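Structure record follows, encoded as C-alpha cells.
Please treat every number below as a calculation from the coordinates, not as lab data. Here the structure is a predicted model, which means the values were calculated and not measured. Note: ideal-geometry Cβ built from the backbone for every residue, glycine included; neighbour counts use all protein chains shown.
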Amino acid sequence: MKKILYTLLLSIMLFYGCVLDRIERREVKIINKSKDTIYCLISYTNSIDNRYVKYDNYRLDRRFVDIDSSANVYDKPRDWDTYISNSDDSKMRLFIISKDSINKYGFEEVVNKNIYTKVYKLDIEDLNKMNWTVTYEGK
C-alpha cells in the first residue's frame with residue numbers, strides 16, 4: 001500500500017512540475033513617459049484585430065497605462081517564443097493607442113480601422129535586449 005501511495009504522490013509531483021515548467025513567466029512591461037494615457041495591445045500581424053484576441057470595450061480597462069506609470073501587457077500568450085515565431089516576420093506587434101483616439105473614434109472603430117499612435121515590431125532578441133521593458137515616450 002505504501003508503494004502505491006508513494007508512486008501516486010511522485011506521479012502527481014512530476015505532473016505538476018511539468019505543468020509549471022510550461023507556464024510563461026516572462027512579461028512585457030510598458031513604461032509610459034508620454035503626456036497621454038495609452039492603451040497597449042499585442043498582435044501577431046500588422047492588424048490590431050486578430051483571431052487569438054477579440055478586443056471589446058469590456059476588456060479595454062485592463063490594457064491602459066497611465067501617464068508616468070507602467071503596466072505589464074495584459075494579453076500574455078502561453079509561450080512568447082511560439083507566439084513570436086508564429087507572428088508575421090517572426091515579430092510580434094505591440095500597438096500603442098492614445099486615450100484621445102479611443103475617445104474620438106471609439107474603441108471598435110480604432111480596432112476595425114487599425115488606428116494607433118505607434119507600433120513596435122519585436123522579436124525575442126529585441127525583448128531580451130530591452131530586458132522585456134518597452135518605454136513609450138510619445139510622438
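By a straight-distance test (C-alpha under 17 Å), which aspartates and glutamates pair with K113 as possible cross-link partners, with residues fewer than eight away in the same chain excluded?
Counting by Cα, and skipping residues close in sequence, K113 has these aspartates and glutamates nearby: D49, D56, D100.
For each of Y105, Y39, Y44, count neighbouring Cβ atoms within 10 Å of the residue's Cβ, then give the residues from fewest to most.
Ascending number of Cβ neighbours within 10 Å: Y105, Y44, Y39.
Between D88 and N112, what length comes free when the chain is fully extended (0.36 nm per residue of separation minus the Cα-Cα distance, one decimal in nm)?
6.7 nm is the gain from fully extending D88 to N112.
May I ask for the equivalent-ellipsoid semi-axes of region 26-136, computed as the square root of five times each C-alpha gyration tensor eigenvalue and listed largest first in whole Å?
That gives 21, 17, 11 Å for the three semi-axes.
On a 23 Å Cα-Cα criterion, which of the cross-link pairs K76/K104; K29/K129; K35/K129; K29/K99 come out too long?
In this structure, K76/K104; K35/K129 lie more than 23 Å apart at Cα.
Taking the highest mean first, how do the peptides 90-98, 115-123 order by number of other beta carbon atoms within 10 angstrom per residue?
90-98, 115-123
Can you tell me which of 28-36, 69-77 comes out highest on packing, and rank the rest after it, using the mean Cβ neighbours within 10 Å?
28-36, 69-77
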